[in-house]
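Beneath this line is the structure, given in C-alpha cells, with notes to follow.
The values are calculated or read from the model by the stated rules, or taken from the named source; none is laboratory data. Quick caveat: nothing in here was measured; it's all calculated off a predicted structure. So basically every Cβ, Gly included, is an ideal-geometry build from the backbone, and we count neighbours across all protein chains shown. In case anyone asks, the SASA skips ligands and DNA or RNA and just uses the protein heavy atoms, side chains included. Shrake-Rupley method; radii C 1.70, N 1.55, O 1.52, S 1.80 Å.
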Amino acid sequence: MKHLVLAFAVLVLALTTAAADEKGLKELEGTYKVTAAEKGGKAAPKELTDTATVTIKGDELVMAFGPDDKKVAKVKLGAADKLATIDLVPNDGPEKGKTFPGIYKLEKGELTLVFTEKGDRPKLFPTDDSFKADEDVIVLKLKKAEK
C-alpha cells in the first residue's frame, strides 16, 4: 500500500510540474528581439545582436541570425529556490543533446536568460550586486516583439 501511495504522489507531482511547465512556456511564447548578449562579461558584436531574434513556441526555442541560419533547442522550465529555471537542449550541431542549465525572468515584456555552457546553474542575474561574469555564463536580454 505504501508503494501505491508513493507512486500516486510521484505521479501527482509530475503532473503538477508538467502543468506549471506548460503554463510557464505559454507565458514565454512569442518572438523576441535580442537587445543585449554577452558571454563571460564580454558583449557580443552589435552586428550579431542587431540581426538576431529568438522565438519560443511550445517547448522549442529558435534563435535566428538570418533566414538560413537558425539554431533550435528544446526548452524545459522549472523552479528552484525562488528562481525560475530553464534548461536549453540543442537539437543539432556539436552541442546536440547537451543541457545548458539556466535561470530566467520575464518582466514587462523583457526576458532575461542567464545560462551556462559548463558547470552549475547560475544563481544570480547581472542586476544582482554580487553577480560575477564567469567565462562560461551567457546572458541574453530579449524584448518581446509587438504584435
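Would it be correct to say that PRO94 is surrounded by 16 or more Cβ atoms within 10 Å (Cβ to Cβ) and either over 15 Å from the mean Cα position of the chain (by Cα) or part of a loop (DSSP other than H, G, I, E, B) (or both)?
So PRO94 does not fit the description; no.
Name the pairs whose Cβ atoms lie under 9 Å apart, with the first residue in region 64-80 and touching a residue at least 60 places away in the same chain (Cβ under 8 Å) and at negative phi, the second part of a strand (DSSP E or B) and surrounded by 13 or more Cβ atoms within 10 Å (Cβ to Cβ), and 6 or more positions between them or separate chains?
From region 64-80, the pairs are GLY78/ALA84; GLY78/THR85; GLY78/ILE86; GLY78/ASP87.
For region 67-91, name all the residues that are touching a Lys or Arg at 6+ places or on another chain (Cβ under 7 Å) and in a loop (DSSP other than H, G, I, E, B).
ASN91, the sole residue that qualifies.
Go through (1) touching a strand residue (DSSP E or B) at 6+ places or on another chain (Cβ under 8 Å); (2) under 20 Å from THR35 (Cα atoms); (3) open to solvent by 40 Å² or more (accessible area, probe 1.4 Å) and name the single condition LYS123 misses.
(2)
Inside region 38-57, can you point out the residues that are on the phi > 0 side of the Ramachandran plot and open to solvent by less than 30 Å² (accessible area, probe 1.4 Å)?
Scanning region 38-57 gives a single hit, GLY40.
Test VAL139 against the criterion of being in contact with a Pro (Cβ under 9 Å, 6 or more places away or on another chain), touching a residue at least 60 places away in the same chain (Cβ under 8 Å), buried (at least 16 other Cβ atoms within 10 Å of the Cβ) and not in a loop (DSSP other than H, G, I, E, B), and give yes or no.
In short, yes.
Kindly check whether there is at least one residue in region 18-29 that is over 25 Å from LEU140 (Cβ atoms), out of contact with any Lys or Arg (no Cβ under 9 Å at 6 or more places or on another chain) and either modelled with pLDDT of 60 or more or exposed (fewer than 13 other Cβ atoms within 10 Å of the Cβ) (or both). Steps first, answer last, please.
Initially, region 18-29 is screened for residues over 25 Å from LEU140 (Cβ atoms), giving 18-19.
After this cut, where a residue has to be out of contact with any Lys or Arg (no Cβ under 9 Å at 6 or more places or on another chain) as well, the list is 18-19.
Adding the requirement that they be either modelled with pLDDT of 60 or more or exposed (fewer than 13 other Cβ atoms within 10 Å of the Cβ) (or both) leaves 18-19.
Yes; the residues of region 18-29 include at least one that is over 25 Å from LEU140 (Cβ atoms), out of contact with any Lys or Arg (no Cβ under 9 Å at 6 or more places or on another chain) and either modelled with pLDDT of 60 or more or exposed (fewer than 13 other Cβ atoms within 10 Å of the Cβ) (or both).
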